[in-house]
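A.B. asks: Okay, handing you the structure first.
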Amino acid sequence: MGGDYYLLAVGALAGMIITLGAAGSFRKIINDRKRNKNGEWSEDFDAFEELKLPSKPGGIMRRKRSDSSGSASPCLPGEHSIQLRVNDSASRNTVEALLCELVRLQTKSKDVRLSSLRGFSVSLENMAKAAVEIELPKRGGVGFRLGALNIAKLRSKMSLKDVNLQGKRVLMRVDYNCPTDDATQTITDPTRIETTIPSIQAAFDGGAKCVVLIAHRGRPGGAFNRASFTLEPCAAVLQAHFPNREVKFLSECVGPSVECATKECAPGTILLLENLRFHFEECGSGVNPAGEKITPSLEQVKAFKVALSKLGDVYVFEGFGAAHRPHASIVGLAEAGSTIPTRVSGLLVEKEISIFADVLSTPRRPFLAIVGGSKVVDKTAVLENLLNLVDVLYIGGAMAYTFKKMLGQLAIGASLFDQEGARLVKGIMAKAKERKVKVMFPVDHVIADGFREKSNTGIVDDSQGVPEGWLALDMGPKSRAELEAEVLRSQTVLWNGPLGVCEMGAFAGGTLQTMSALVEATRRGATTVLGGGDTGAAARKFFVGGEAVSELVTHTSTGGGTSLVLMEGKELPAITALSDRE
C-alpha cells in the first residue's frame, strides 16, 4: 500500500456495499469477478448466498504515517460486523478471495494481502452454510474473528425433542467406552452410561417401543481377549437405573437374529448390543489374530451400515465422545441404502453442542482459555484457533516447558521437552502478538527428582530454573495465585488439559486450586466449561465443599477428543450426518 496505510472499519465494507446498491451489488461484485487467474470461469463465488449488513455502517479511515510512531487514532467506536452466508461449495480460498476483493475495491489498492488483515489466518474447511463474521474491536484496526466451526449448522440439527417416537424402535448410538475391572467384570466409572439415562427415559416417555443401544469399547485387534472388550458389564449398570424394565444384552450387533430381537421384544425393552468394533467394518480397518492388517471392501462396509440401519426406525446420536470419528455407526446411517430416514441428537449431545456453540461463537468477555497437556504438537490446532477467539490464553502442564525453553524464559532440567512441537512455538507466539492475545505461563514450579509420588520435591522460579536431573511437575504457588486471579476476572473460561501431574497428589495443587477458582467464578456468574478426557476425570475426582467440581461448573464435557476437535474449530462428522430441522 506504499506510503499510505489503512485502518479499515468493518462498517467501511458495509458502506461500500450500500453505495453500490446493498446486497444486489454484492452479487454483482461476485459475478463481475468470476474469472480466476487462469482466465477460466470459477463457480466458487456462487457459494455466497446472503449478506447481512451492520446496523451502523461507517466509512473508510485513511491515515498517513505522519508521526515517528506510525500510530493512528481509532477507527470507529463500538462493534460492527458483516455476516456472509455461504453454501456447501464455499472454500477457504473463496472466502479469502472475496474479502480481499471487498477491501481492494474500497481502498482502491492493488496490494491487499491477508497479512494486512489482522487475525484472519484461520482454517475454513468444510464450511457448509457457515456464518463468517468480520468484527471490529472497540479500538481501531482491522479485526477479523472467523470461526471455521459451523455454528449455524450445529444449531440447525434435529434433536430427540423434535421427533415422534410413538411405537418406534429407537436405535441409539452411545459411548460406553467405560473403564472396567477385568477380574470382576464390573464398570469402575459408569459416568458415560449415566449421562445417557435421560435420553433413554425420554425415548420411552415419547412412546418408543424399544431402545436399541449400540456402542464401542476399546480398540480390539490382533489376538485380543474378548472379555476385555465386551459391553456386557454395562448391562448391569443400565438395569440398576431401570429396575422395572427388561435390559437384555445381545452377543452380536448386526444380523437377522438381532433384527428379529428388535422387532419381537416386549414394549419398553432396552437392548444392549455387543461391541461394534468386533467388526472391522465399523472403523474401516483392523488387525486379525495373525497380526495382519485387514481392510474391508467398500461393499462390506456398506452392507454393515445397511445392517445397522435395519435395527431401528429413528436414529439417535448420544455418543458425544465419539462424535469426531467418521465410523460406520456414526455417519453411515445417513448414507445411501440406510433405511432410517430420521437421525437426531440425544439430550446430552444437544446440550454439549449448544454450550460449545455459545462459547465458541458469542462468548462473554473477558474470555480465558486454559490449555494444558504434554505436547505442543498435539494442541497446535487448538492453540491457533483459540487465538482467534480469546482475550487471554494460559498455557500450562508439561507443554508449558517446551514454550518456556524455546522462549529463553527457563532452564527446564529434565522436564518433558517436545522436540517436534518446539519448532512451532515462535509461530504461535507471533500469532498471539498479532491478535493482541495475552499469553500466560507458570512463573514458578514444583519440581521433583523423579517421576514418582514419593520423590524429593522443591519449588523454583524462572530465575532459578529447574536443576539438571529434576523435572517440573506442577505450577508453583505464585503461578496458582496469578491464574486464580485471571479466572476470577473472566466472564468465560474454557479449559482443556491438566496443569500438572494431577494423578499424583503431590503435584495436583495447581489443578485443584484452579478448579476451586473456577467453581467460585461460576458462582459469580461466569460461564465455565471443562473439556473431557483427563480434565473431566480430574473434575470428577476433585471436590469443593463436598461436591465434585464437575457438578459445580457450567459444563463438564463427556468427550475429550471431541471437545478438542471443536476447540480446533473443526466440524464433527456425527453432527454433520444428523437430519436438519426444516
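The values are calculated or read from the model by the stated rules, or taken from the named source; none is laboratory data. Predicted model, so just to flag it, every value in this text is computed and none were measured. FYI the Cβ positions are ideal-geometry reconstructions off the backbone, even for glycines, and counts take in every protein chain you see. The accessibility values were calculated without ligands, DNA or RNA, using every heavy atom of the protein model including side chains. Shrake-Rupley method; radii C 1.70, N 1.55, O 1.52, S 1.80 Å.
A.B. asks: Does R480 meet the test of being at pLDDT below 95 and open to solvent by 10 Å² or more (accessible area, probe 1.4 Å)?
C.D. replies: no
A.B. asks: Return the residues of the range 354-373 that are farther than 22 Å from E482 by Cβ and either open to solvent by 10 Å² or more (accessible area, probe 1.4 Å) or not in a helix (DSSP H, G or I) (or both); say none if nothing qualifies.
C.D. replies: Answer for the range 354-373, where residues must be farther than 22 Å from E482 by Cβ and either open to solvent by 10 Å² or more (accessible area, probe 1.4 Å) or not in a helix (DSSP H, G or I) (or both): S354, I355, D358, L360, S361, T362.
A.B. asks: If a residue counts only when it is open to solvent by 10 Å² or more (accessible area, probe 1.4 Å) and closer than 21 Å to L308 by Cβ, which strands (runs of 3 or more DSSP E) contained entirely in the range 192-294 have at least 2 such residues?
C.D. replies: So the answer is 247-249.
A.B. asks: Residues of the range 374-400 being of a type in the set (S, T, Y) and in a helix (DSSP H, G or I), which ones?
C.D. replies: Result: T380, single match.
A.B. asks: I'm checking my understanding of the structure. Among residues of the range 381-397 that are open to solvent by 20 Å² or more (accessible area, probe 1.4 Å) and out of contact with any strand residue (DSSP E or B) (no Cβ under 8 Å at 6 or more places or on another chain), which one is nearest to D534 (Cα to Cα)?
C.D. replies: A381
A.B. asks: Given the criteria surrounded by 15 or more Cβ atoms within 10 Å (Cβ to Cβ) and at pLDDT below 85, does V170 qualify?
C.D. replies: The answer is no for V170.
A.B. asks: Further question: What number of residues within the range 442-454 satisfy the criterion of being open to solvent by 20 Å² or more (accessible area, probe 1.4 Å), at pLDDT 95 or above and touching a helix residue (DSSP H, G or I) at 6+ places or on another chain (Cβ under 9 Å)?
C.D. replies: Of the residues in the range 442-454, 1 are open to solvent by 20 Å² or more (accessible area, probe 1.4 Å), at pLDDT 95 or above and touching a helix residue (DSSP H, G or I) at 6+ places or on another chain (Cβ under 9 Å).
A.B. asks: Take D189 and decide whether it is more than 19 Å from G559 (Cβ to Cβ), open to solvent by 30 Å² or more (accessible area, probe 1.4 Å) and under 32 Å from the mean Cα position of the chain (by Cα).
C.D. replies: no
A.B. asks: Assess whether L311 counts as being closer than 24 Å to P198 by Cβ, part of a loop (DSSP other than H, G, I, E, B) and touching a helix residue (DSSP H, G or I) at 6+ places or on another chain (Cβ under 6 Å).
C.D. replies: yes
A.B. asks: Right, something else. With respect to V493, is the statement that it is closer than 13 Å to A521 by Cα, open to solvent by less than 40 Å² (accessible area, probe 1.4 Å) and either in a loop (DSSP other than H, G, I, E, B) or not basic (K, R) (or both) true?
C.D. replies: Judged against the criteria, V493 is a match.
A.B. asks: Can you pull out the residues in the range 463-477 that are in contact (Cβ under 8 Å) with a residue 12 or more places away in the chain and either in contact with a strand residue (DSSP E or B) (Cβ under 6 Å, 6 or more places away or on another chain) or open to solvent by 40 Å² or more (accessible area, probe 1.4 Å) (or both)?
C.D. replies: Within the range 463-477, V466, P467, E468, G469, W470, L471, A472, L473, D474, G476, P477 meet the criteria.
A.B. asks: Looking at G546, G531, G509, G525, can you tell me which residue is small (G, A, S), out of contact with any Lys or Arg (no Cβ under 6 Å at 6 or more places or on another chain) and open to solvent by less than 10 Å² (accessible area, probe 1.4 Å)?
C.D. replies: The match here is G531.
A.B. asks: Now for a separate question. Taking the stated definitions as given, is D182 among the acidic types (D, E) and under 24 Å from the mean Cα position of the chain (by Cα)?
C.D. replies: no
A.B. asks: Continuing with the same structure: Conditions: (1) farther than 30 Å from A357 by Cβ; (2) open to solvent by 10 Å² or more (accessible area, probe 1.4 Å). A430 meets all but one. Number of the miss?
C.D. replies: If we test A430 against (1) farther than 30 Å from A357 by Cβ; (2) open to solvent by 10 Å² or more (accessible area, probe 1.4 Å), just (1) comes out false.
A.B. asks: Next question, about the same structure. Can you tell me which of (1) more than 31 Å from the chain's Cα centre (by Cα); (2) within 27 Å of E194 (Cβ to Cβ) is the one F278 doesn't meet?
C.D. replies: Condition not satisfied by F278: (1).
A.B. asks: Considering each residue of the range 304-326, count those that are within 18 Å of the chain's Cα centre (by Cα) and crowded, with 19+ Cβ neighbours inside 10 Å, and give that number.
C.D. replies: Counting residues in the range 304-326 that are within 18 Å of the chain's Cα centre (by Cα) and crowded, with 19+ Cβ neighbours inside 10 Å gives 9.
A.B. asks: Looking only at helices (runs of 4 or more DSSP H) that fall completely inside the range 496-582, which ones have 2 or more residues that are touching a Pro at 6+ places or on another chain (Cβ under 8 Å)?
C.D. replies: Fully inside the range 496-582 and qualifying: 509-523, 533-541.
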